[in-house]
Structure formats: C-alpha cells, structure tokens
1. What number of residues within the stretch 88-104 satisfy the criterion of being buried (at least 23 other Cβ atoms within 10 Å of the Cβ) and touching a residue at least 40 places away in the same chain (Cβ under 8 Å)?
2. Mind telling me which of the residues H233, H284 ends up being surrounded by 13 or more Cβ atoms within 10 Å (Cβ to Cβ) and more than 21 Å from T34 (Cβ to Cβ)?
3. Could you figure out which of (1) over 19 Å from A108 (Cβ atoms); (2) in a helix (DSSP H, G or I); (3) open to solvent by less than 10 Å² (accessible area, probe 1.4 Å) isn't true of T59?
4. Which of the residues spanning the stretch 14-46 are touching a residue at least 12 places away in the same chain (Cβ under 8 Å), under 13 Å from T78 (Cα atoms) and assigned to a helix (DSSP H, G or I)?
5. Looking at P136, P125, P145, which is the one that is in contact (Cβ under 8 Å) with a residue 40 or more places away in the chain, closer than 23 Å to Q175 by Cβ and open to solvent by 70 Å² or more (accessible area, probe 1.4 Å)?
6. Would you confirm whether any residue within the stretch 63-73 is in contact with a Gly (Cβ under 9 Å, 6 or more places away or on another chain), in a loop (DSSP other than H, G, I, E, B) and surrounded by fewer than 18 Cβ atoms within 10 Å (Cβ to Cβ)?
7. For the stretch 105-122, name all the residues that are open to solvent by less than 10 Å² (accessible area, probe 1.4 Å) and either over 27 Å from D57 (Cα atoms) or in contact with a Lys or Arg (Cβ under 7 Å, 6 or more places away or on another chain) (or both).
8. Could you identify the single residue in A192, A171, A181 that is closer than 27 Å to A103 by Cα, open to solvent by less than 10 Å² (accessible area, probe 1.4 Å) and without any contact (Cβ under 8 Å) to a residue 60 or more places away in the chain?
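The values are calculated or read from the model by the stated rules, or taken from the named source; none is laboratory data. All values derive from a computational prediction rather than experimental measurement. Here the Cβ positions follow ideal geometry from the backbone for every residue, glycine too, while neighbour counts run over all protein chains shown. Just so you know, the surface numbers come from the protein's heavy atoms only, side chains and all, with ligands and any DNA or RNA stripped out. Shrake-Rupley method; radii C 1.70, N 1.55, O 1.52, S 1.80 Å.
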Amino acid sequence: MKTIRLSTRDIVAMKTRGERVAALTCYDYTGAQTLDAAGVPLLLVGDTLGMVVQGEDTTLPVTLDQIIYHARLVVRGTQRALVIGDMPFMSYQASADDAVRNAGRLMAEGRVGAVKVEGGAEIAPLVRRMVKSGIPVCGHLGFTPQSVHSLGGARVQAKEPTAAVSLLDDALALQEAGAFAVVLELVPATVAEEVSKRLTIPTIGIGSGPHCDGEIQVFHDVFGLYTDFQPRHTRRYLHVAQDIAAAARRYVADVGARQFPGPEQTSDLTPASKDSFKSLLATH
C-alpha cells in the first residue's frame, strides 16, 4: 500500500489539533529512511550541511545545486515525511525572479514539498509571489544564519521590547504573504510564546523555548555526530561520534591482529577446486 506523504496542510492541521511538530534536519538517504520510519513528520534539508557535512564555518558557502543534490537523496529515502529544502544564501535575495526560478528548481529537481527562506516583512512580497507560483514557503525569523556576519554571530535576537514587537510584525507579514509555517531561532521564550499564540500557522522553534508549535534540531547535534561544539539549545540523545570512534579502534585492532575477516566473513574454493588450482599453479 502506498504511503501518503504529508503536505504543508497536514503540518498546519497539527497546530489546529494542538499537536506539536517534531522536525529534524536531514541530508542523506539512509538518515532519511531512519527518521521517516521513526515517524518524524517534517525533515529539513538545511544549509547547515555546510557546517555539519562540509566542515565550513558558516552556511554561506552552500550552493543551490548542493541543496538540490541532498534534497533528492532525502526525498528518495522517505515515504511519509514532508521534506523542506533551504533556499541558500543569495538564491533568493537579489530579485523575485531569481527567487521563483531557484525555488522552482528546488521543487522540480530536488523534489521537496516546500522551501524555506530567511527574513521578515522585507521579503513578504517575494514570499507572496512564490506562493502564488505554487511554491509552499516556510519563513525563518530571529537568528538568521545567512545574516551571521551582520548580526555579529549566533546570538539571541529580539531581546529588546521594540525588537520583539518588530519580530511579531515580521511573523504576521509572512503569514499574510502565504507562508505555511515560521521557524523561530534563538528567540526569547516569552516572545516566541506570544508569536505562537497570535499566528494561525505553526511556529517551529530552535533555541526559542517550549511554547512554539514545534521544534527543529540539527541531526548531527541531536545524535552526537558533530563534535566541534554543542549548541546550548541541543539535547544529546545519542553520542554516535564516540561510539563510532570506539568501534573504529576495535576494527583497526582486529585487522591488525588478523582477527578480521574471519571464517564467517570469508568464502573459499572447495577442497577439490583448491587442489586443482594449486596443481595449475605448479605448472604456471
């Protein structure tokens, strides 16, 4: 029986029913298979791949072609989850034409069910045009990683009352433009709670407290694959890097001691074929 893939409408309906949306980033086929089988409803092919997959300092070097490549892997590995693709740096900021064209590529070539863009009221006209073109859009407010240099690093945003009200206005502008959800990153919990109450679309928090309509975390942070640093807002559910390192040391030791491969991992000639082979070698 074919599994019905979740849509943006299903994610919005979760808020209506009072169900929180658990989301994770994902970048490859096997990871997508695992998360989809676990019932994660929303997967983001994030430009965070620049840091946790490529080893860059920021998300800025990630290209649209790279997001499309990883998106195809994730979509191929899922049957049920809604897959969202990040619009990388400068793939939508220059013009609305660029935004629609590049988002269209991400939908058609990457096969995602929606795209995500960073920014508030200033990009609302762009969001409106993409939505009218048939492209579902998720917004992203608070700390916006593509603006890391102008923001002075990864730090909590909207801490001042006027900035908090401005963030609410940005969220309302995105909703009015047709966005189906808004990510709130590194926003004070009280601000995130008020925004979540005033929007009819879901808020997906990261480092913004427990009152958002959902939560998104980076795969490598949650499962302990990324060890360069651990963000405060992350809870480690596994320590995979440690386990892999320990297993790799055992592997190296077994290979060095000629304990691997063993009989269970080895195939060989039959005794008769082995004798024949050795006879042929004697005259070779």
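1. 1
2. Exactly one of H233, H284 is surrounded by 13 or more Cβ atoms within 10 Å (Cβ to Cβ) and more than 21 Å from T34 (Cβ to Cβ), namely H233.
3. (2)
4. Y29, T30, G31, A32, Q33, L35, D36
5. Answer to the selection: P125.
6. For the stretch 63-73, residues in contact with a Gly (Cβ under 9 Å, 6 or more places away or on another chain), in a loop (DSSP other than H, G, I, E, B) and surrounded by fewer than 18 Cβ atoms within 10 Å (Cβ to Cβ): absent.
7. Across the stretch 105-122, the qualifying residue is only G110.
8. Of the residues listed, the single one that is closer than 27 Å to A103 by Cα, open to solvent by less than 10 Å² (accessible area, probe 1.4 Å) and without any contact (Cβ under 8 Å) to a residue 60 or more places away in the chain is A171.
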